[in-house]
Structure formats: structure tokens, C-alpha cells
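Let me begin by presenting the structure, written as C-alpha cells, before commenting on it.
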Amino acid sequence: MISSWYKYPYYILFLILIWGLHASWAQQGKSVIPYRIVGGKMIIEMFVNGKLQNFIFDTGGQTSLSPDLCQELGLKIVTKIQVKDVNNQSISYPVVELECLETSDKGINFKNIPVLQMGHFSFDCFGVVGLIGSDLLANMILEIDSKQQIITITTAEKQTNVSLRKSVPFVEEGVMPIIELQAGLGNGIKVLFDTGSSGFVSLKTSDYERLSTSRAFENVIEGYGEGGLGVAGVAKARVIHRVHFPLVSFAGTRFCHVFAETSDTPYTLLGMKLLDYGKLTIDYSRHRFYFEAYTQENDLGQRFPDFKVRVKDGNLIVSTVWGKMRDILSVGDKVLKINGRQTKKYDFCESITQGIPELKGKRSVNMTIQTEQGEKIVRYKKK
């Protein structure tokens, strides 16, 4: 498995409500948008000033366009705002006004909307021109059906027909889908539902520290590795904890044996893996989060390797090391061979959108790795 050092979503430091943002940009209507999964990201199509373009759909981020497209369209900068990336690092980005952003079936047309002008390496890798975030949907009802791989957006004149018993309220002001999960009994965790995060739960470091004296989770193992690559760059390597939640629940659904790793994010993240277990509805205008589970109790038992790898400068390197493997490998060690065959030069974009070919579908391989103490053959295995 390739390390999740790459995470795209941009976390908002301030949801700036400029010139009546989020008020009534969209015409009344309904839109059904198919999506496809590429490298753990949801890719959709939208019309930008009449031209069909690809976007990453990211409920944890803010709607943005690449600088190249902004320049091509002649969009003017109207203000700047601060955003936080996956590593909790801040950076300032211009805001431009976009005349027309329309769904691919032309069911809903957003007019004169503010978007971030933001470039990122992943735009080229994923073949997209930007990101569609929760800010665009402030007056909408969003449904995601992972079995059919469709997103349905409707204007919010009427409430959803889903039972309130299958819902929880937003727990913060603003448009971001932030809700509370229960870990065990009486341990609430505030989480941001983030389709830009491909896992199930990523645990904010301060939540880990707060809950460490409770019985909400069990410490499994300690690791050391790189942070995610966000808009402000790669975070320095740090200590990471992997924990086991015997039980996590919300909206009448129970999830057993949930594993999570700590990260320096502004919120604990509830990621896209949730969609494997049910149909999701978010009523942004009424601040409610609905989940129709396929089954009421779900076992998430997972397997993890002792170390993770990623591509850097064409080489495969160690990015995170767990437990006793820290006595053998270090972050930055280079992988020389996989199952006795010399590694090749890897394309970075292909590695994050398609993975490493030699590791696909493999539960274990032998890796020859160059360490400070010399070459070592190490078993890369999901336990």
C-alpha cells in the first residue's frame, strides 16, 4: 500500500462570507452527476463558463480553480483569504469571481460565485482544473450513492425524506459538514466529513491526546513518518500513533474495530471510506447529516504494513516506519529491489493515481532497501 502522505483536501481557516456569499447563486432544480474514483479521489465534470471540465469533489475543501484557467478566463482577483492544508499549515490565496459554474447535466447553474485561485501539483496528475467544495452547496441538499457512483444535488426548498433518526446535526456554524461521532460510551469526537480523505477516520493529534486517558481507544503501535503534502508543502516527519477504536457510532449505525492514525489536521476526518457502508445525504441549508447504512453494524478490521513507501524524484523511498521496524529502517531509505527485481524510475503522478505496479494486489513482497547500515532485505507485509 502506498503511503497516504498525499492528501489533497484544503481545510478552511476562515469561511469568508464576502458579498453575500452562498446566498442564492443556483437556479431551483435538481442535478444528477456521475463520479469516478481515481487515486482515491472523486472526479466529476462541471461546465465552466460553458466548457466541460474535470474537478475533484471534496467536501472538506473550498471551491477553487487553477491559476492557468483563471488567467485563460480573464478572472479578476477580488480579495484574499487564509486556508489551512492537510498539515495544518496556513497559506494565503486569491479569490476570483466566476460568472458561471454549471452541473454536467445542466440541471443547476451557479452564477457569479467566488472561488479560490489555487494551483496544486495534483491538478495535473488527476487531469482536473480545480476542486468543488462544500461552500458551493450551502443552499443545497447533497446525496452520494456509492453503489451507483452518483452525486445528486437539489435545491433545499423541501427536506429530505430520510428519517431524522438516521441523522445528526452539524455541530459548528458555517457550511462545513462537521458532526460528532461517539467512540465507545460517552466519548464524543468532532469530525469533518471529507471526501478528499480516502480512509475512514484520521485522528487529529489533539483529539488523540484528549482521549488517551479514556477507554475510547487502545494504542496499537507508534510510528515515525512524513506528514501529508499540502498546499504549503510537506510537513516535517513526526511521531504518529495508530489506535484501535473497538466501537464508533453515529446516526444509529455502529462501526467495530476502527483503526485510525494521528495527523496534524484542523479536525479529525471522517473520510470517503464511509461511503462503502451506506448512502449519505447532507442538508447544508438545515445543517443535518443523514446516513442510511446498508447494515446497522459493520466490522472494519484492517491490515497494515510495518512501513510505507512513496515516490520521490522518481525513486521509491520509505516514508513511514512503525514499531520495531524503526530499528531497521529510516524515513528516506531507498528501495532498490522488489522480489529481487531492480526498481525502475517511477512517475510521481502515476504513483498517486494508479499506485506502484509491483505492489498492486500483493499482500507481501520482499524489498531490498538501502539503509545507513547497508542493504537490507525486508518483508513488506500487511499484518
Which residue out of THR154, THR160, THR195 is β-branched (Val, Ile, Thr) and closer than 27 Å to PHE304 by Cα?
THR195
Among residues belonging to the stretch 62-92 that are of a type outside the set (S, T, N, Q) and at pLDDT below 90, point out the one that is surrounded by the most Cβ atoms within 10 Å (Cβ to Cβ).
VAL86
Take the conditions part of a strand (DSSP E or B), surrounded by 18 or more Cβ atoms within 10 Å (Cβ to Cβ), modelled with pLDDT of 95 or more and not β-branched (Val, Ile, Thr) and apply them to LEU116. Does it pass?
no
Picking from LYS236, LYS147, which residue would you name as being of a type in the set (D, E, K, R) and either touching a Pro at 6+ places or on another chain (Cβ under 7 Å) or at pLDDT 95 or above (or both)?
LYS147
Tell me the strands (runs of 3 or more DSSP E) entirely within the stretch 272-365 that contain at least 1 residues that are aromatic (Phe, Trp, Tyr) and surrounded by 17 or more Cβ atoms within 10 Å (Cβ to Cβ).
288-293, 307-312, 315-322
Just need a number here: residues in the stretch 352-383 that are within 26 Å of VAL38 (Cβ to Cβ) and in contact with a Gly (Cβ under 9 Å, 6 or more places away or on another chain).
4
Return the pairs, sorted by first residue and then second, in which the second residue is part of a helix (DSSP H, G or I) and not aromatic (Phe, Trp, Tyr), the first residue lies in the stretch 349-372 and is within 20 Å of ILE328 (Cβ to Cβ) and not assigned by TED's automatic domain parsing to the domain that holds ASP124, the beta carbons are less than 9 Å apart, and the residues are 6+ apart or on different chains.
VAL365/GLU358; VAL365/LEU359
Test set (1) within 30 Å of THR63 (Cα to Cα); (2) out of contact with any His (no Cβ under 7 Å at 6 or more places or on another chain) - THR262 fails condition number:
(2)
Complete set of residues in the stretch 290-302 that are within 22 Å of ALA260 (Cα to Cα) and under 20 Å from the mean Cα position of the chain (by Cα)
PHE291, LEU300, GLN302
Counting just the residues of the stretch 153-187 that are in contact (Cβ under 8 Å) with a residue 40 or more places away in the chain, surrounded by fewer than 18 Cβ atoms within 10 Å (Cβ to Cβ) and under 20 Å from the mean Cα position of the chain (by Cα), which one comes out nearest to GLY107 (Cα to Cα)?
GLY174
Name the single residue that is surrounded by the most Cβ atoms within 10 Å (Cβ to Cβ) among those in the stretch 240-271 being farther than 20 Å from LEU211 by Cβ and small (Gly, Ala, Ser).
ALA251
Is it the case that the stretch 107-115 has a residue that's of a type in the set (Gly, Ala, Ser), over 13 Å from CYS70 (Cα atoms) and touching a residue at least 12 places away in the same chain (Cβ under 8 Å)?
yes
Please list, ordered by first then second residue, the pairs with beta carbon atoms under 7 Å, 6 or more apart or interchain, first in the stretch 216-243 and under 30 Å from GLY186 (Cα atoms), second modelled with pLDDT of 90 or more and part of a loop (DSSP other than H, G, I, E, B).
ALA216/ASN187; VAL243/PHE217
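The values are calculated or read from the model by the stated rules, or taken from the named source; none is laboratory data. None of the values given here were measured: they were computed from a predicted structure. In this analysis, Cβ positions are derived from the backbone assuming ideal geometry, glycine residues included, and neighbour counts consider all displayed protein chains.
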